[in-house]
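Report on one structure; see the data block that follows.
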Amino acid sequence: MFVQIMEFELDPQEAARLLNEYAEAARGETYARRAMICADRNRPGFVHQLIFFDSIEEAELNNQLDVTQSAAADFGEAVGDVAFTDLDLIADITI
């Protein structure tokens, strides 16, 4: 599994609204499997968005979709700078 973390400044509720819009528009097309939005408790106004894919290859295919490109353009206008962290999931342990 591949996880992409996006870090940016935005109201968390607005981030959730934008991601829900994308999920609805991309339903049946996207390669994303799951998404989470987290508000940074130590830095108010910062959001961490985690997107889960089956593989880096599927993440790359997802990035090429027209619906993703369109959403990314709208997202970029709302957010500005985004820091990306790309992770390979090693273990998912329920405690």
Diffing the stretch 76-91: the Karplus 3J(HN,Hα) column from phi (6.51, -1.76, 1.60, θ = phi - 60°), in whole Hz with x for Gly and Pro, holds x, 5, 6, 10, x, 6, 10, 9, 10, 10, 9, 10, 9, 6, 9, 8
Which order do the peptides 22-29, 1-8, 83-90, 52-59 take when ranked by the mean count of other beta-carbon atoms within 10 Å per residue, highest first?
1-8, 52-59, 22-29, 83-90
Charged-residue dipole, Cβ positions (Lys, Arg, Asp, Glu), the chain about Cα centre, Debye nearest 20:
360
Note: Ala23 to Ala78 extended length (0.36 nm per residue) minus current alpha-carbon separation gives 18.1 nm
The chain - percent relative contact order, Cα under 8 Å, separation 6 or more:
45
Please give the net charge around Arg34, taking every other residue with its beta carbon less than 15 angstrom from that of Arg34, where Lys and Arg add +1 and Asp and Glu add -1.
-1
Relative to the Cα centre, what is the charge dipole magnitude of the stretch 42-86, using +1 at the beta carbon of each Lys and Arg, -1 at the beta carbon of each Asp and Glu, and rounding to the nearest 20 debye?
320
Per residue, how much space in cubic angstrom lies within the convex hull of the C-alpha atoms of the chain?
110
Go through Ala32, Thr85, Val47 and say which Cα lies farthest out towards the positive end of the charge dipole of the chain; charges sit on Cβ, +1 for Lys and Arg, -1 for Asp and Glu.
Val47
Quick one: 3J(HN,Hα) in Hz for the stretch 29-36, Karplus 6.51/-1.76/1.60 with θ = phi - 60°, rounded, Gly and Pro as x.
10, 5, 8, 5, 9, 7, 8, 9
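FYI, it's all coordinate maths here, none of it is from the lab. Computed from a predicted structure; not experimentally measured. Note that we place each Cβ from the backbone using ideal geometry, even for glycine, and neighbour counts take in every protein chain shown.
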